[in-house]
Amino acid sequence: MRERIQGVPTVVYPESDGKPMAETDLHRDLMMDMILTLKHHFRDSPEVYVSGNLLVYYEEGNIQKSVAPDVFVVRGISKKLRRTYLLWEEAPIDFVLEIASSSTYKHDLTHKKTLYASTLGVQEYYIYVPYGAIVPRLQGYRLVNGVYDHLAFVENRLRSSVLGLDIGDHDGGLRLYDASTGVWLQPPLEGLATAEARAETAETELVKALAELERLRGR
């Protein structure tokens with residue numbers, strides 16, 4: 001009689017680490033604005049995945065080995081919805097942005113910086129501290145031979161080769177800039193609000209023009 005072989009227990013990777021999504025309203029808004037802006041910008045690129053605050057597991061079988069970047073981008077994979085990101089089943093992460101605070105920026109500049117460079121192999125790593133615990137508030141690094149090189153500012157912006165966009169402080173917050181068009185990208189909701197405002201202005205001008213035309217005809 002053949003022996004019955006017991007299956008290897010399936011590891012369940014938690015979808016939450018119990019930590020809050022962001023420390024303040026501003027941190028949350030900046031994170032969501034950046035995710036939505038990137039999703040909108042790459043909406044026609046089928047193999048650019050944009051996410052954030054999603055648990056990334058980087059050691060198979062070990063649920064303790066995880067990190068949840070505020071914003072991250074991966075090229076070469078589908079946009080399908082994921083509950084967690086298992087690094088051994090997916091492509092390496094190309095871009096990470098952490099929206100840091102006065103209590104977390106040192107951890108982001110030391111432990112996470114080392115983790116992203118040596119373990120995850122993240123090509124570009126950015127840290128933004130909205131309340132100015134470091135100067136400048138935005139720091140950027142690019143992976144060169146396994147070590148992060150500090151990025152230099154060009155016209156007060158950092159240039160991301162992964163995104164094909166610049167990153168910088170603009171209009172009171174962190175924004176993305178498209179050097180090919182000379183335009184600062186807006187989060188989709190802001191863009192919609194701007195478009196609606198322009199439409200309302202155009203409608204008002206049209207009403208005025210029609211009223212003036214009627215006045216002239218009545219002479």
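Quick note: the coordinates plus some simple rules give every number you see, no bench work behind them. All of these numbers come straight from a predicted model, not from anything done at the bench. FYI the Cβ positions are ideal-geometry reconstructions off the backbone, even for glycines, and counts take in every protein chain you see.
Quick notes on this one:
- Relative contact order of segment 14-161: 16 percent, from C-alpha pairs under 8 Å at least 6 residues apart in sequence.
- Distance violations [Cα-Cα > 18 Å] among Lys65/Lys112; Lys39/Lys65; Lys39/Lys80; Lys19/Lys65; Lys39/Lys79: Lys39/Lys65
- FRET efficiency, Asp169 to Glu59 (Cβ-Cβ, R0 41 Å, nearest 0.05): 0.70
- Efficiency of FRET from Cβ geometry, Asn145 and Asp17, R₀ 30 Å, rounded to 0.05: 0.40
- For Lys113, Lys65, Lys80, the sequence from fewest to most other C-beta atoms within 10 Å is Lys80, Lys65, Lys113.
- Rounded if a/c under 1.5, otherwise prolate or oblate - segment 124-179, Cα gyration tensor axes: oblate
- Applying a DSSP loop filter and a limit of 13 other Cβ atoms within 10 Å to the chymotrypsin sites (Phe, Trp or Tyr not before Pro) in segment 74-116 leaves Trp88.
- Shape category assigned to segment 96-195 from the gyration tensor of Cα positions, a/c cut at 1.5: prolate
- Shape class for segment 14-163, computed from the alpha carbon gyration tensor (a ≥ b ≥ c): rounded, with a/c under 1.5.
- The charge dipole of segment 36-183, taken about its Cα centre with unit charges on the Cβ of Lys, Arg, Asp and Glu (plus for the first two, minus for the last two), comes to roughly 220 debye.
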